[in-house]
């Protein structure tokens, strides 16, 4: 008897927790409300199925439990189980019902997925580049086109590995050690790239995410629908500093966005500033720092990484670390 | 062309010892250590799996301590945390669950349940265990090498698994990969035995459609494993080469901490396809034996036939086949071609149909049964509840677009623990309470068993059910510490601490269980023969526990399926598979006397 009661309590407790939980999706900040809706549909289809099945089990335990010793004492008593090996009609109905339930989940899911993988024509491209354990961002600049890249070209004076002979790349705007800025209401196709290991660009409020794979350019698209400053997390295990690979994205009104973008350096400007610097400073300290790290052998704590980033400055941060 | 002079044989003497004598083991070593009896091998497999599983359990405690009480334990560094995560996952999935279900229950039950005297290749079967033990020892050795064990996550994704930013990227990962390769070699030896024994060594009358579902589950899982493990094998070998020789199977051009590495041209996504081509069938390699075993437990302890036996068999086979075309649902956000999402979401959700049918048939087996709330029955009921819960959250993650916000969050952790951790392990416990009397001739202590059951079932549910909601919030998995964030509006510290305390308590209950086993082996209440009044052949042996060769002079002959419970017209509420139809006591005849 009390076994049945506990089983009922498991079902009801789950339901109550679900209805009362203070832990739920954060307020959405992108156009992917349809993902939340698909989750809701899934709850509406599967939640009742769970409750019904568990309550049915509880009912069976209550109704058909053996009276103590009855089976042994009187095997021919009323408590003997019924014998009905198959019931084709019932099994067919259950199959059809389940298939319908599954179709109700799948159909809207595939429609939304189709939207997710179909980038609208008016989306602007930006690039997010991951490396252990920080983010870099690249905007296409005045020509609206991102320059082509190659990981082989990455160096202290070319942190994104841009092809120097690609004219599209010269006006690309490079951002490292600063927030990512997006314009409210502007669809954006986020191109994702990694220099070293797998990362995953994840902003909980945007719902969207995608892995960043060295050797590939992956993408997702989204439209920010409210202004604010949101956390960027890495969602694909990328080594010791995985938990500390954070950043921020700021969604601005158009005017603020344009003002911010105007302050940023283009690739050409960055190269020029480096040449100025190298005239003044005999050697670039960064290379020494890198050798420090690689000679040391063991991975560097991300706290040290961040500290190093701040001291070295926003641009040549990749891999710059001291211990 | 060689000139051989045939020697004349004067006399060939008669066999000096009877054939059966040669077959039995004669020394202590060959009887208990290098033993070819599948039942002993089963216990060796089971004991080793449980021992390494305890390591996995302790690792989970340490991880939970870090998540529940961050910045409290100085010995849990970010590196150590990832190493615990990795070793816990790999140990539990491969070295505990796979080994226990197939090497443990498979070895013990297959020959007995199909009416064979042993596996068909006993020597290879013995080797299978010793190679498995070697694999376990290599894995354990990785704790003691410089840099420690791999911290790449149990999925071992390159490039990070073999790059310096990941703990254990030197000797740790290489030992892990070598250990896996050995595990697969050992498993293949055992797996061939299981398949051939089931196909070739069944006793007279044991048609395929009379086999207990336990055997169907183990059989199908073994076929899956034989086809899926090679994918892991090649990936382990290739990654070892990438790590040791600097090849680039999975390694593209990489800039590591500002330094150009010599790798180039390989594909990290290729590894993921290979890994999950193994990894998804692996889920069913664990789940299908559990499906089979729980069907038999429910039937025996509800004194009722399994409902829809033929449907259950075809569901197992169908799920097994489908499990090979769903793997990339682990990779929806991996950067693979996004159009794969349509295909894999569809196949994944289709697999829900046969799976749901199995659930319906388990509950319909209880319906109008005569339910004895024994420990095996309690564990089976708990399995149904946790499996339905975990299966349903699978419908979330399988539906590609729902997976996007939830992937790599604690929702995933909660889902796969519920569906392939908690649910199958509850079946393992139910099975041990059920078959312990056969293996040892003694019963397990019921009071300790009740304590173990309620703490394990309710505790595990309290750990994993709320954990899903952390995933909705967006809390990522494999984070040493989440720290301050703006997206977590309701603090999660209290929930994390609660889950940790629950995990510690549930872990403690497992110590009670192990104590119960050790004490009961020696001092348990002696079991009657066939204490659960089961119909399948393993309970119809001449001696309990069954000796070498399993059955007496004559192998049993099977006349019916394994589910003749409460048959109308029969006096007893069960009719063993090997009772001749003429010997079945019928009610009409009984009244006529």
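Determine whether residue B:341 is modelled with pLDDT of 95 or more, more than 7 Å from chain A (Cβ to nearest Cβ), out of contact with any strand residue (DSSP E or B) (no Cβ under 8 Å at 6 or more places or on another chain) and not in a loop (DSSP other than H, G, I, E, B).
On the way: modelled with pLDDT of 95 or more: yes; more than 7 Å from chain A (Cβ to nearest Cβ): no; out of contact with any strand residue (DSSP E or B) (no Cβ under 8 Å at 6 or more places or on another chain): yes; not in a loop (DSSP other than H, G, I, E, B): yes.
In short, no.
Identify all residues within the stretch A:249-276 that are surrounded by 15 or more Cβ atoms within 10 Å (Cβ to Cβ) and closer than 23 Å to residue A:158 by Cα; write none if there are none.
A:260, A:261, A:264, A:265, A:266, A:267, A:270, A:271, A:274 - these are the residues of the stretch A:249-276 that are surrounded by 15 or more Cβ atoms within 10 Å (Cβ to Cβ) and closer than 23 Å to residue A:158 by Cα.
When the residues of the stretch B:464-473 are filtered to those that are more than 8 Å from chain A (Cβ to nearest Cβ) and within 24 Å of residue B:511 (Cβ to Cβ), which remaining residue is nearest to the chain's Cα centre (by Cα)?
Residue satisfying both the conditions and the ranking: B:464.
Keeping to the stretch B:571-583, report how many residues are crowded, with 20+ Cβ neighbours inside 10 Å, in contact with a helix residue (DSSP H, G or I) (Cβ under 7 Å, 6 or more places away or on another chain) and within 14 Å of chain A (Cβ to nearest Cβ). Reasoning before the result, please.
Narrowing the stretch B:571-583 to residues crowded, with 20+ Cβ neighbours inside 10 Å: B:573-579.
Restricting the remaining residues to those that are in contact with a helix residue (DSSP H, G or I) (Cβ under 7 Å, 6 or more places away or on another chain) gives B:573, B:576-578.
Pick out the ones that are also within 14 Å of chain A (Cβ to nearest Cβ) and you get B:573.
Number of matching residues: 1.
Specify which of the listed residues (B:533, B:586) is within 14 Å of chain A (Cβ to nearest Cβ) and out of contact with any helix residue (DSSP H, G or I) (no Cβ under 9 Å at 6 or more places or on another chain).
Exactly one residue qualifies, and that residue is B:586.
Given B:515, B:461, which one is part of a helix (DSSP H, G or I), within 14 Å of chain A (Cβ to nearest Cβ) and surrounded by fewer than 22 Cβ atoms within 10 Å (Cβ to Cβ)?
After applying the criteria, what remains is B:461.
What do you reckon, is residue B:274 on the phi < 0 side of the Ramachandran plot and in contact (Cβ under 8 Å) with a residue 60 or more places away in the chain?
When the stated conditions are applied, residue B:274 does not pass them.
Residue check, residue B:378 against (1) at the interface with chain A (Cβ under 9 Å from one of its Cβ atoms); (2) free of Cβ contacts under 8 Å to residues at least 60 places away in the same chain, all met but one. Which one?
(2)
Can you tell me how many residues within the stretch B:145-176 are within 20 Å of the chain's Cα centre (by Cα) and either in a helix (DSSP H, G or I) or farther than 28 Å from residue A:195 by Cβ (or both)?
The number of residues fulfilling the criteria is 1.
Of (1) facing chain B (nearest Cβ under 9 Å); (2) buried (at least 17 other Cβ atoms within 10 Å of the Cβ); (3) not in a helix (DSSP H, G or I), residue A:27 satisfies all except one. Which?
(2)
Just to verify a result, which residue in the stretch A:203-228, among those that are in a strand (DSSP E or B) and more than 7 Å from chain B (Cβ to nearest Cβ), is farthest from the chain's Cα centre (by Cα)?
The selected residue is A:228.
Confirm whether residue B:109 is modelled with pLDDT of 95 or more and buried (at least 24 other Cβ atoms within 10 Å of the Cβ).
Working: modelled with pLDDT of 95 or more: yes; buried (at least 24 other Cβ atoms within 10 Å of the Cβ): yes.
For residue B:109, the condition - modelled with pLDDT of 95 or more and buried (at least 24 other Cβ atoms within 10 Å of the Cβ) - is met.
Of the residues B:258, B:246, only one is more than 23 Å from residue B:324 (Cβ to Cβ) and more than 9 Å from chain A (Cβ to nearest Cβ); which? Don't jump to the end; show me each part of the working.
Numbers: B:258 fails: more than 9 Å from chain A (Cβ to nearest Cβ).
Being more than 23 Å from residue B:324 (Cβ to Cβ) and more than 9 Å from chain A (Cβ to nearest Cβ) holds for just one of B:258, B:246, which is B:246.
Could you list all residues from the stretch B:344-374 that are assigned to a helix (DSSP H, G or I) and over 22 Å from residue B:317 (Cβ atoms)?
Let us first name the residues in the stretch B:344-374 that are assigned to a helix (DSSP H, G or I), namely B:344-350, B:352-366.
Listed by number, the residues that qualify are B:345, B:366.
Listed here are the residues, each with its yes/no results for (1) surrounded by fewer than 24 Cβ atoms within 10 Å (Cβ to Cβ); (2) more than 10 Å from every other protein chain (Cβ to nearest Cβ).
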residue: B:398; (1), (2): no, no
residue: B:424; (1), (2): no, yes
residue: B:439; (1), (2): yes, yes
residue: B:443; (1), (2): yes, yes
residue: B:452; (1), (2): no, yes
residue: B:475; (1), (2): no, no
residue: B:480; (1), (2): yes, no
residue: B:486; (1), (2): yes, no
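Per-residue answers, yes or no, for (1) surrounded by 19 or more Cβ atoms within 10 Å (Cβ to Cβ); (2) under 30 Å from residue B:147 (Cα atoms); (3) modelled with pLDDT under 95:
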| residue | (1), (2), (3) |
| --- | --- |
| B:180 | yes, yes, no |
| B:190 | yes, no, no |
| B:207 | no, no, no |
| B:213 | yes, no, no |
| B:235 | yes, yes, no |
| B:241 | no, yes, no |
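Tell me which of these residue B:419 doesn't satisfy, since it passes every other one: (1) more than 9 Å from every other protein chain (Cβ to nearest Cβ); (2) more than 22 Å from residue B:157 (Cα to Cα); (3) surrounded by fewer than 22 Cβ atoms within 10 Å (Cβ to Cβ).
With respect to (1) more than 9 Å from every other protein chain (Cβ to nearest Cβ); (2) more than 22 Å from residue B:157 (Cα to Cα); (3) surrounded by fewer than 22 Cβ atoms within 10 Å (Cβ to Cβ), residue B:419 is out only on (3).
Condition check ((1) modelled with pLDDT of 95 or more; (2) more than 10 Å from chain B (Cβ to nearest Cβ); (3) within 16 Å of residue A:251 (Cβ to Cβ)) across all residues:
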{"position": "A:133", "(1), (2), (3)": "no, no, no"}
{"position": "A:141", "(1), (2), (3)": "no, yes, no"}
{"position": "A:170", "(1), (2), (3)": "no, yes, no"}
{"position": "A:179", "(1), (2), (3)": "yes, yes, yes"}
{"position": "A:188", "(1), (2), (3)": "yes, yes, yes"}
{"position": "A:194", "(1), (2), (3)": "yes, no, no"}
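The values are calculated or read from the model by the stated rules, or taken from the named source; none is laboratory data. Note that this is a predicted model, so its numbers are computed, not measured. Ideal geometry is used to build each Cβ from the backbone, glycine not excepted, and the neighbour counts take in all protein chains shown.
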